[in-house]
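Have a look at the structure below before the remarks.
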Amino acid sequence: QVQLVESGGGLVQPGGSLRLSCAAFGCAFSDYAMTWYRQAPGKERLFVASITSAGGRSNYADSVKGRFTISRDNSKKTLYLQMNTLKPEDTAVYSCYAPRMGYWGQGTQVTVSS
């Protein structure tokens, strides 16, 4: 049974930082490219970042370029999203997704507010 479990969300002030994690269970994690998406209240789910299976290449939405960094540790079967200089518009539920496997995590809430 494949499971993706996110953690690390919370409430942070504008300009602050958070690091999200996505732990994978029941799969050959290192074989798969991984992505992060986010969904703000009342809006569609949007792509945030992606990373290749070995971690050599990454891609970002324009709205987070220069502020967010996606990474992975295949020995720990864990995906990360380092989020810096957070803005109120980054408030959303963040979910990890493995496109080739077709599995989503349950999501973790990030709220940026003073």
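The values are calculated or read from the model by the stated rules, or taken from the named source; none is laboratory data. A quick note: this is a predicted structure, and the numbers were derived from the prediction, not measured. Methodologically, a virtual Cβ is constructed for each residue, glycine included, from the backbone with ideal geometry; neighbour enumeration extends over all protein chains shown. The protein model used for the area step is the full one, side chains on, heavy atoms only, and it has no ligands, DNA or RNA in it. Shrake-Rupley method; radii C 1.70, N 1.55, O 1.52, S 1.80 Å.
Any idea of the accessible area per residue across the chain, 1.4 Å probe, to the nearest Å²?
Details: 5990 Å² over 114 residues.
About 53 Å² of surface per residue is accessible.
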In whole angstrom, the spacing between the Cα centers of segment 62-100 and segment 36-60 equals 7 Å
Counting only DSSP loop positions in segment 16-82, the trypsin sites (Lys or Arg not before Pro) whose Cβ has at most 13 other Cβ atoms within 10 Å are Lys43, Arg57, Lys65, Lys76
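For the chain, state the average projected area of the convex hull of the C-alpha atoms over all orientations, rounded to one decimal in nm².
Numbers: hull surface 26.2 nm².
Spelled out: convex hull of the Cα atoms, projected over all directions, averaged, 6.5 nm².
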If the chain between Ser53 and Lys87 were fully extended at 0.36 nm per residue, the gain over the current Cα-Cα distance would be 9.3 nm
To the nearest 20 debye, segment 18-114 has a Cα-centred charge dipole, built from +1 on Lys and Arg Cβ and -1 on Asp and Glu Cβ, of 100 debye
Debye calc, one equal point scatterer per Cα of segment 55-114, no solvent, log10 I(q)/I(0) at q = 0.23, 0.30 1/Å comes to -1.18, -1.42
P(r) over all Cα-Cα pairs of segment 1-41, 5 Å bins from 0 to the longest distance, whole percent per bin, short to long, reads 5, 15, 24, 24, 14, 10, 6, 2
Sorting Leu20, Leu46 on solvent-accessible surface, 1.4 Å probe, most exposed first, gives Leu46, Leu20
Cysteines of the chain without any disulfide-compatible partner (other Cys Cβ under 4.7 Å) are Cys27
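First measure r as the distance between the Cβ atoms of Asp31 and Lys65, then evaluate 1/(1 + (r/R0)^6) with R0 = 22 Å and state the FRET efficiency to the nearest 0.05. All intermediate terms of the calculation are to be shown ahead of the outcome.
Details: r = 27 Å, r/R0 = 1.23.
Using R0 = 22 Å, I get an efficiency of 0.25.
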